[in-house]
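Any read-out appearing in this document is the output of simple, stated calculations on the displayed coordinates, not a laboratory observation. Computed from a prediction, not measured in an experiment: that's the story for all the values here. With ideal geometry, Cβ positions are generated from the backbone for all residues, glycine too; neighbour counts draw on all protein chains shown.
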Amino acid sequence: MMIRMIPRVGVVALPFIALTLLANLVTCSAGNHYQPQDGDIIFHVSRSAQSQAIQLATGSPYSHMGIIYLNNEMPYVFEAVQPVKSTPLHEWIARGENGHYVVKRLRDAESRLTPDVIKKMQSVGERFIGKNYDLYFEWSDERIYCSELVWKIFKEGAGIEVGMMQTMADFDLSHAVVQNKIRERFADKIPLAEPVITPVAIFDTPILITVFEN
């Protein structure tokens, strides 16, 4: 049996090697074969206080999402949390319920998400870095929520609308969990006409295909 010699490396290189091995475990262990690509969209169930209310109001199996980008071959999730930032993929997965996540990809990603388009998408996203999470789901750039971030990056960076816009009036606001959140944030002034893009609207859009589920 031939044994492949591993070249000696300096101490500085060790953290990068460790991170690379960890990323490989995320994508290749236990029979997993997901190979991250720039522009992939990833979904999971957040453990945040509003997660259940989002699921109930919108009829969505998932409550949080982001866009995957590769940096030095390491996958990161660009996401709107508090604040907007990039998170290593393995950390993002660990934050979700039971480590479950789904990855979707544009059907014609190879032809439409060219390197130049990806750079433009990243440039669009840069202006949101550090912005606060939008608890009120307003359609503005002052604060931003997860699906809004993804939608705006694809729209402005690639000219693609990933999912159909709705308003708050379209949602099921009858459940007690949802009503508690509404009272907490809006009191008696619910912005029913406010444009909203939800995780499930993006998840269900036919222009995306599922490339991995764990």
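Points worth noting:
- Contour excess over end-to-end distance, with Cα ends at Ile190 and Asp141 and 0.36 nm allotted per residue: 15.7 nm
- Nonlocal amide H pairs with Tyr145, under 5 Å, H built at 1.01 Å: Asp134
- Extension gain, Lys119-Gln35: 0.36 nm per intervening residue step, less the Cα-Cα distance, totals 28.3 nm.
- Two-site label geometry, Glu110 and Glu97: point separation in nm, points 7 Å out along Cα→Cβ: 3.6
- Amide H partners (placed H, <5 Å) of Tyr101, local residues excluded: Asn214
- Working ranking of peptides 95-103, 76-84, 192-200 by packing, defined as the average number of other Cβ atoms within 10 Å per residue, highest first, is 76-84, 192-200, 95-103.
- Environment charge of Asp170, counting only residues whose C-beta is closer than 14 Å and scoring Lys/Arg +1, Asp/Glu -1: -3
- For region 34-213, the tally of Lys pairs with Cα-Cα distances below 14 Å comes to 5, considering only residues 8 or more apart or on different chains.
- Modelled label positions at Lys155 and Asn132, each set 7 Å beyond Cα in the direction of Cβ, lie 2.3 nm from each other.
- Top of Trp139, Trp151, Trp92 by mean-square fluctuation, Gaussian network on the chain, Cα under 10 Å: Trp139
- Helix-only [θ]222 nm of the chain, DSSP H runs n ≥ 4, -39500 (n - 2.57) each, per residue, nearest 500: -10000 deg cm²/dmol
- Region 64-214 - percent relative contact order, Cα under 8 Å, separation 6 or more: 29
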